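So the structure is just underneath, and the comments pick up after that.
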Amino acid sequence: MHIYLVGGAIRDELLNLPVTERDWVVVGTTPEAMQALGFKPVGKDFPVFLHPETHEEYALARTERKTAPGYHGFRFQATPEVTLQEDLARRDLTINAMARDAEGRFIDPYHGLRDLRERWLRHVSPAFAEDPVRILRLARFAARFARLGFQVASETQDLMRAMVASGEVDALVPERVWAETVKALAEPNPERFIEMLRSCAALGRIFPEIERLFGVPQPAQHHPEIDTGVHLLLSLAQAAQLQADTQVRFAVLVHDLGKGTTPPSEWPRHRGHETRGAQQVYDFCQRLRTPKAFRQLGVLVARYHTHCHRALELRPGTLLKTLYALDAFRKPQRFAQFLLACEADARGREGLENRSYPQAERLQIAYRAAAAVTARSFVAKGLSGNPLKAAIRRAQVQAIATALRTSARMR
């Protein structure tokens, strides 16, 4: 039995990046022998075991054969005769197909070290085309390593385009699409994920609502970049710059979906895109089966982001209505996420990336002032029900007006 460290741990170590997990391949043994050594089996499709002490994953070397379309259409073989090179051959990218033995020697049959030095994302073999999830994974790696100068090899780009043309990506299931997407959104350059999917024509198959945004114009006085799709990429980049969490980044990704359904006769204006977009975000999330928190924030940002952009023009009463529409008093953390998504949207414009966003501060002032109003004094006066609610809201409007005047004097 021979054990090898494989995959991402080697790649990240050589790139001087933090190694978060280690995966191992075991050659020349059986599931029964592994269990006899105390390893706990966890694999469903093929033999994977957890080390009894470190709990790291140890997988038996395996080969695979395509038997049907899609991610699940494979038959695996994991026997003692399978070699390390055969196991590495089934991996997606050359930089993920390296191994190291117990003496520290590298096994690199597919030139991953070379591609790591030269900053290439390149497929290991034509078997890459058998698994459509690999298009998503490669786009995710492009989002992770763009800052290090990695590019996708031309032959790999050609192969991905062929996969799309053959209909292979149409077999992707929502759970896998979402799993890769939410990981990609957390990467340093999430916009590269969208760019890569678009470059191989997969974006229109996987996310047609996002693909439709490219080529749709916006008023140049508000959007110097003009193209709505380009604005989306710039906004995603800004969300990453602002160190926003993945829920905020997702909301930025979908905030302008409504502009993709504006009739061309109305271009470059997009009246009512907020309401249309909110429904599209809801449908988008239902299709991908996203978690509820992602859906709720995405819908709110799509519906109310222009309210936030106009906050400097809104009167205290309208500001309060907006706060209630956002459910800010019951969910202050989500309100903060909303403001961050709107800031990323505002900064996601060509040449305006560093412009300040005082609208968020104005809404925060309004929120703090209104939240400080309590029902206690009104209840003491005998108010209840609708009269109580009306009295509280009048007091909140007055509190917001006072807070805004005070803030203006302090500037």
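The values are calculated or read from the model by the stated rules, or taken from the named source; none is laboratory data. Quick caveat: nothing in here was measured; it's all calculated off a predicted structure. As a convention, Cβ positions derive from the backbone with ideal geometry for all residues, glycine included, and neighbour counts pool all protein chains shown.
Pick from the range 1-17 the residues that are at pLDDT below 95 and in a loop (DSSP other than H, G, I, E, B): which of them is nearest to the chain's Cα centre (by Cα)? Out of the qualifying residues, it is 7.
Conditions (1) farther than 17 Å from residue 185 by Cα; (2) part of a helix (DSSP H, G or I), marked per residue:
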| residue | (1), (2) |
| --- | --- |
| 229 | no, yes |
| 236 | no, yes |
| 243 | no, no |
| 258 | yes, yes |
| 265 | yes, yes |
| 268 | yes, no |
| 282 | yes, yes |
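Just a yes or no: is a residue in the range 260-278 aliphatic (A, V, I, L, M) and buried (at least 22 other Cβ atoms within 10 Å of the Cβ)? No, every residue in the range 260-278 fails to be aliphatic (A, V, I, L, M) and buried (at least 22 other Cβ atoms within 10 Å of the Cβ). Selection of the range 365-411 for residues being outside any helix (DSSP H, G or I) and either buried (at least 17 other Cβ atoms within 10 Å of the Cβ) or of a type in the set (Asp, Glu) (or both) yields only 373. Considering the range 165-190, the residues that are assigned to a helix (DSSP H, G or I) and either basic (Lys, Arg) or at positive phi (or both) include one that is farthest from the chain's Cα centre (by Cα), namely 176.
For residue 64, the stated conditions do not hold, so it cannot be described as touching a strand residue (DSSP E or B) at 6+ places or on another chain (Cβ under 6 Å), touching a residue at least 12 places away in the same chain (Cβ under 8 Å) and in a helix (DSSP H, G or I).
Among the residues in the range 271-280, are any basic (Lys, Arg), in a loop (DSSP other than H, G, I, E, B), over 21 Å from residue 188 (Cα atoms) and touching a residue at least 24 places away in the same chain (Cβ under 8 Å)? Among the residues of the range 271-280, not one is basic (Lys, Arg), in a loop (DSSP other than H, G, I, E, B), over 21 Å from residue 188 (Cα atoms) and touching a residue at least 24 places away in the same chain (Cβ under 8 Å), which makes the answer no.
When you check residue 337 against the structure, is it buried (at least 19 other Cβ atoms within 10 Å of the Cβ), in a helix (DSSP H, G or I), in contact (Cβ under 8 Å) with a residue 60 or more places away in the chain and not hydrophobic (A, V, I, L, M, F, W, C), yes or no? In short, yes. The residues of the range 347-364 that are small (Gly, Ala, Ser) and surrounded by 20 or more Cβ atoms within 10 Å (Cβ to Cβ) amount to a single one, 348.
With the requirement that a residue be closer than 14 Å to residue 293 by Cα and either crowded, with 20+ Cβ neighbours inside 10 Å or among the polar types (S, T, N, Q) (or both), what does the range 320-334 give you? Scanning the range 320-334 gives 326, 333.
Within the range 191-237, being crowded, with 22+ Cβ neighbours inside 10 Å and either polar (S, T, N, Q) or on the phi > 0 side of the Ramachandran plot (or both) holds for 218, 228, 235.
When residues in the range 76-109 are screened for being over 33 Å from the mean Cα position of the chain (by Cα) and closer than 16 Å to residue 48 by Cα, 6 of them pass.
Assessment of the range 187-195 against the conditions (under 18 Å from residue 348 (Cβ atoms), β-branched (Val, Ile, Thr) and either in contact with a Lys or Arg (Cβ under 6 Å, 6 or more places away or on another chain) or modelled with pLDDT of 95 or more (or both)) yields at least one matching residue. Report, by residue number, each residue of the range 92-139 that is touching a residue at least 60 places away in the same chain (Cβ under 8 Å), of a type in the set (Asp, Glu) and under 15 Å from residue 160 (Cβ atoms). If the condition is that a residue be touching a residue at least 60 places away in the same chain (Cβ under 8 Å), of a type in the set (Asp, Glu) and under 15 Å from residue 160 (Cβ atoms), then 130, 131 are the ones that fit.
Residue under question is residue 162, and the condition is that it be farther than 20 Å from residue 263 by Cα and not in a loop (DSSP other than H, G, I, E, B); does it hold? Taking the combined requirement at face value, the residue satisfies it. Can you name the residue in the range 375-391 that is among the hydrophobic types (A, V, I, L, M, F, W, C) and closer than 18 Å to residue 324 by Cβ and is also farthest from the chain's Cα centre (by Cα) among such residues? Ranking the candidates gives 378 first. Here residue 131 meets the list (1) under 23 Å from residue 233 (Cβ atoms); (2) among the charged types (D, E, K, R); (3) more than 13 Å from the chain's Cα centre (by Cα) almost entirely, failing just condition (1).
When 146, 162 are checked against the criterion of being of a type outside the set (Ser, Thr, Tyr), touching a helix residue (DSSP H, G or I) at 6+ places or on another chain (Cβ under 8 Å) and over 18 Å from residue 201 (Cα atoms), 146 stands alone in meeting it. Among the conditions (1) in a loop (DSSP other than H, G, I, E, B); (2) over 28 Å from the mean Cα position of the chain (by Cα), the only one that residue 318 does not satisfy is (1).
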